[in-house]
Amino acid sequence: MKKAIVLVSGGLDSATCLAIAQAEGCACYALSFDYGQRSASELNAAARLSEMAGVVAHKTLPIDMGAIGGSALTDRSIAVPEEETVGIPVTYVPARNTVFLSYALAWAEVVEAEAIFIGVNALDYSGYPDCRPEYIDAFQSLINLATKAGVEGKNIVLRTPLIDLTKAEIIGVGLKLGVNYAATVSCYQADAEGRACGLCDSCRLRTKGFADAQSQDPTRYR
């Protein structure tokens, strides 16, 4: 079996991405981050999803991005928007995917993984610049240049199977693969029990996705 690092946040997209990697026959190593995010319940969801999937290993790495701030997700003095905003929202965490993928790349080299899976999406998403195809292409170039594996011709492929899918299409794929979406937490400000606010951008995208997929939304709201 080929090995793959899968970024698992505990949300809908990463749960689907993990299911896709396993459906492709990958031995999955799940990677989550305790980066000072507002909703720590998503880490509980990530642990549950990884255990349910029977991954080879699951690591949760501590990174204090809250010490840097600059985002409503890591700085509690910045309110999470509960209405649609224009441009890149304040929930964007500066350089988050670059940091996460760098750790994923390091682990991929250690376990000799052939792929890294990340559930970024460029259609039904919040407008984050590090979710675009151009960013993924640039990071793939970095992988090829900056790693022992790349230099030796053993390419590590950055996989983004959800990047061109709508939220409804992502949900459809996940349901076919048996993803338990009731175990996921997508809300930017979910409470300690994982119950969603129903108002933030992530909640709105999730609600619309289930409606468009004509599937019952299992989200628990507070």
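The values are calculated or read from the model by the stated rules, or taken from the named source; none is laboratory data. Here the structure is a predicted model, which is why all the values come from computation and not from measurement. Ideal geometry is used to build each Cβ from the backbone, glycine not excepted, and the neighbour counts take in all protein chains shown.
Starting from residues that are under 14 Å from the mean Cα position of the chain (by Cα) and of a type in the set (D, E, K, R), keep the ones in segment 8-66 and report whichever is nearest to Thr166 (Cα to Cα).
That would be Asp13.
Asp75 passes all but one of (1) charged (D, E, K, R); (2) over 26 Å from Leu142 (Cβ atoms); (3) in a helix (DSSP H, G or I); which number fails?
Condition not satisfied by Asp75: (3).
Scan segment 116-129 and report the pairs whose first residue is of a type outside the set (Val, Ile, Thr) and whose second residue is modelled with pLDDT under 90 and part of a loop (DSSP other than H, G, I, E, B), with Cβ atoms within less than 8 Å and a gap of 6+ or a chain change.
Gly127/Gly87
What tally of residues in segment 128-180 results from selecting those that are closer than 25 Å to Leu105 by Cβ and out of contact with any Ser or Thr (no Cβ under 7 Å at 6 or more places or on another chain)? Working first, answer last.
We begin by selecting, within segment 128-180, every residue closer than 25 Å to Leu105 by Cβ; these are 128-165, 170.
Filter once more, so that each one left must be out of contact with any Ser or Thr (no Cβ under 7 Å at 6 or more places or on another chain): 128-129, 131-135, 137-155, 157-161, 163-165.
Number of matching residues: 34.
Scanning for something part of a loop (DSSP other than H, G, I, E, B) and under 20 Å from Ala104 (Cβ atoms), does segment 38-53 turn up at least one residue?
Of all residues in segment 38-53, those part of a loop (DSSP other than H, G, I, E, B) come to 38-40.
Narrowing further to those that are under 20 Å from Ala104 (Cβ atoms): none.
Taking every residue of segment 38-53 in turn, none turns out to be part of a loop (DSSP other than H, G, I, E, B) and under 20 Å from Ala104 (Cβ atoms).
Is there any pair linking a residue in segment 141-155 that is closer than 14 Å to Ala113 by Cα and among the charged types (D, E, K, R) to one that is part of a helix (DSSP H, G or I) and at pLDDT 95 or above, with Cβ under 7 Å and at least six apart or on different chains, and which?
As it stands, the answer is Lys148/Glu109, since those pairs meet every condition given.
List the number of the failed condition for Thr184; all other conditions in (1) modelled with pLDDT under 95; (2) crowded, with 18+ Cβ neighbours inside 10 Å; (3) of a type in the set (Val, Ile, Thr) hold.
(1)
When you go through (1) closer than 23 Å to Ala19 by Cα; (2) more than 15 Å from the chain's Cα centre (by Cα) one by one for Arg132, which number turns out not to apply?
Answer for Arg132: the failing condition is (2).
Of these, Ala53, Ala23, Ala47, Ala15, which one is without any contact (Cβ under 8 Å) to a residue 60 or more places away in the chain and closer than 16 Å to Leu175 by Cα? Spell out the reasoning first.
Working: Ala23 fails: without any contact (Cβ under 8 Å) to a residue 60 or more places away in the chain; Ala47 fails: closer than 16 Å to Leu175 by Cα; Ala15 fails: without any contact (Cβ under 8 Å) to a residue 60 or more places away in the chain.
Answer to the check: Ala53.
Right, Thr207: within 18 Å of the chain's Cα centre (by Cα), in a loop (DSSP other than H, G, I, E, B) and surrounded by fewer than 22 Cβ atoms within 10 Å (Cβ to Cβ) or not?
no
Examine segment 65-83 for a residue that is within 19 Å of Thr184 (Cβ to Cβ), small (Gly, Ala, Ser) and in contact (Cβ under 8 Å) with a residue 60 or more places away in the chain, and state whether such a residue exists. Step through it out loud before you land on a result.
Let us first name the residues in segment 65-83 that are within 19 Å of Thr184 (Cβ to Cβ), namely 73, 80.
With small (Gly, Ala, Ser) added as a condition, the list becomes none.
Looking through segment 65-83, none of the residues is within 19 Å of Thr184 (Cβ to Cβ), small (Gly, Ala, Ser) and in contact (Cβ under 8 Å) with a residue 60 or more places away in the chain.
In segment 145-160, what residues are among the polar types (S, T, N, Q) and surrounded by 15 or more Cβ atoms within 10 Å (Cβ to Cβ)?
Residues satisfying the conditions are Thr147, Thr160.
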